[in-house]
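The values are calculated or read from the model by the stated rules, or taken from the named source; none is laboratory data. Note that the structure is a prediction, hence the values are computed from the model and not measured. Because the Cβ atoms are built from the backbone with ideal geometry, glycine has one as well, and the counts that use them run over all protein chains shown.
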Amino acid sequence: MKGEKQRRILHVDMDAFYAAVETRDNPELKGKPVIVGALPGERGVVATCNYKAREFGVRSAMPISKAYQLCPHGVYMYPNGHKYVAASEQIHQIWESYTDIIEYISLDEGFLDITASQKLFGNAQNIVREIKSRTWKEVGLTCSIGLGYSMSAAKLASEEKKPNGYFEILTPAEMRELIAPRSVRVVYTVGPKTAERLERIGVRTVADLFTQADRVSNVLGNHGAAIIDLARGIDDREVGTQTRGQSIGTEQTFQTDITDTDYLKHILRLDARKLSYDIQQKGLYAKTVTLKITYPGMHSITRAKSDFPTNLALDIYQRVEKLLDQLEKKPIRLIGISLSNLTKHKEEKPPERVQLSLFDEVTPEKTKRDQEKLHDVLMKLQLEHGQNIIKSGSELAAENHVKKQGLNKKKQQVVSSYGRSKD
Ligand code: DCP
Ligand code: MG
């Protein structure tokens with residue numbers, strides 16, 4: 001037994017994160033519907049919007065054209081990734097001053113186990129108050145916090161009173177009572193596909209899971225049994241120190257569908273570099289690299305490749321390049337990369353391959369040690385002076401290719417969107 005009732009776990013989620021950062025930095029936006037993603041008339045999607053815009057029905061991942069129909073008087077803008085990463089760093093530092101047991105889910109969301117922190121900082125409610133008030137005073141943003149006896153309870157609680165909310169679920173009994181009448185989708189691991197299968201056997205609510213437990217187990221096997229446990233409020237998952245739930249990504253929506261593979265590879269090379277910089281700033285390594293592609297007509301696919309943990313642009317690029325090469329060549333509307341399975345540790349045993357050199361080209365006389373030194377120097381310069389200070393030969397070629405086509409970032413109207421891709 002893990003002493004369920006004693007555990008104190010927080011789930012913190014920033015409110016309308018990108019839009020809130022933009023409003024903080026431009027007070028004229030206050031009170032107006034703010035939509036971050038792309039400009040009206042373009043082909044991007046909504047990354048997020050503030051709560052004013054949500055009153056008109058605008059939502060994350062909606063095409064900008066649809067958002068514009070719903071909210072023509074809104075303020076539309078491109079995402080400013082660097083600002084969100086900077087705000088995220090500040091927020092994470094606040095969390096880290098209360099506990100070192102943290103699972104980072106995305107730039108704006110994480111789980112904190114504060115069970116032991118209570119001795120030092122007062123009870124859990126006090127810690128919640130401090131995190132909320134420091135987030136407002138030091139970062140200028142609001143967040144919603146759920147306090148729970150388990151990770152599921154904390155997550156559910158943080159969604160109860162959004163925005164700027166606080167809610168607590170301190171026992172499995174409270175959890176059961178709260179979720180019984182709700183859709184099965186509230187149970188962790190029940191995604192749209194599982195919900196559809198359950199619906200086919202007449203199970204729509206959490207309460208239905210209990211009355212039809214046998215059928216659920218028959219149809220879903222072990223997963224069914226796990227879902228029923230979770231619905232009962234049993235969730236022993238421990239907040240990971242391995243950042244296992246986190247992913248970070250970037251994606252580009254093109255104004256015209258792209259078929260030129262070289263061009264797509266150049267975009268991927270630049271994206272890989274940006275992501276490599278982002279995870280190195282966080283001191284993380286990624287095992288899994290995922291390529292996301294959306295074809296005209298909004299059909300999306302993802303392909304993933306897992307290997308040794310890395311934070312190097314060349315490794316990230318080579319994995320997505322391989323994945324792209326395996327796909328049928330047809331026009332592409334959106335392309336993106338995300339990194340997941342993030343760890344704080346490089347693999348003990350280094351892989352049998354040559355590491356990145358400063359200019360990508362690998363020459364036999366450069367020993368691995370030299371290359372790592374070069375890499376360290378490069379990273380140090382980037383962290384001190386910004387990531388554009390030094391570029392590798394291939395990255396320069398990639399930028400030139402993108403520019404030569406008369407498609408600089410503005411003209412090309414590429415929209416970058418950081419953050420978690422929701423499953
Ligand atoms: N994001 C994105 N694309 C999506 C969903 C989210 O780029 N499809 C980005 C923008 C969000 C940020 O990730 O600001 C955090 O995602 P959340 O789901 O937490 O959404 P918000 O913080 O914007 O709003 P909420 O108040 O609902 O948490
Ligand atoms: Mg959020």
Sole miss for F210 among (1) at negative phi; (2) assigned to a loop (DSSP other than H, G, I, E, B) is condition (2)
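Residues are listed down the side, and each one gets a yes or a no for (1) part of a strand (DSSP E or B); (2) in contact with a Phe, Trp or Tyr (Cβ under 6 Å, 6 or more places away or on another chain); (3) over 25 Å from G283 (Cβ atoms); (4) assigned by TED's automatic domain parsing to the domain that holds T48:
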{"site": "H92", "(1), (2), (3), (4)": "no, no, no, yes"}
{"site": "T99", "(1), (2), (3), (4)": "no, no, no, yes"}
{"site": "I105", "(1), (2), (3), (4)": "yes, no, no, yes"}
{"site": "L112", "(1), (2), (3), (4)": "yes, yes, no, yes"}
{"site": "A116", "(1), (2), (3), (4)": "no, no, no, yes"}
{"site": "N126", "(1), (2), (3), (4)": "no, no, yes, yes"}
{"site": "R134", "(1), (2), (3), (4)": "no, no, no, yes"}
Going through the range 175-204 in order, the residues found to be of a type in the set (A, V, I, L, M) and in contact (Cβ under 8 Å) with a residue 24 or more places away in the chain are M175, I179, A180, V184, V186, V187, V190
Considering the range 85-129, residues that are hydroxyl-bearing (S, T, Y) and surrounded by fewer than 18 Cβ atoms within 10 Å (Cβ to Cβ), and then whichever is farthest from ligand 2 (Cβ to nearest atom), we arrive at T115
Looking across the range 23-42 at residues that are within 17 Å of T253 (Cα to Cα) and under 22 Å from the mean Cα position of the chain (by Cα), the single one that is farthest from ligand 2 (Cβ to nearest atom) is A38
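Can you find even one residue in the range 133-150 that is of a type in the set (V, I, T) and more than 15 Å from ligand 2 (Cβ to nearest atom)?
no
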Going through the range 159-198 in order, the residues found to be surrounded by 14 or more Cβ atoms within 10 Å (Cβ to Cβ), hydroxyl-bearing (S, T, Y) and more than 23 Å from I114 (Cα to Cα) are S183, T194
| said: Being surrounded by fewer than 16 Cβ atoms within 10 Å (Cβ to Cβ), in contact with a strand residue (DSSP E or B) (Cβ under 7 Å, 6 or more places away or on another chain) and in contact (Cβ under 8 Å) with a residue 12 or more places away in the chain is the requirement here; does S247 meet it? | reply: no
Scanning the range 56-78 for residues that are polar (S, T, N, Q) and more than 16 Å from ligand 2 (Cβ to nearest atom), the one farthest from T294 (Cα to Cα) turns out to be Q69
Flagged in the range 148-183 as farther than 25 Å from I101 by Cβ, of a type in the set (D, E, K, R) and in a loop (DSSP other than H, G, I, E, B), in numbering order, are R182
Note on the range 276-318: residues more than 19 Å from the chain's Cα centre (by Cα), more than 29 Å from P63 (Cβ to Cβ) and free of Cβ contacts under 8 Å to residues at least 40 places away in the same chain are Q318
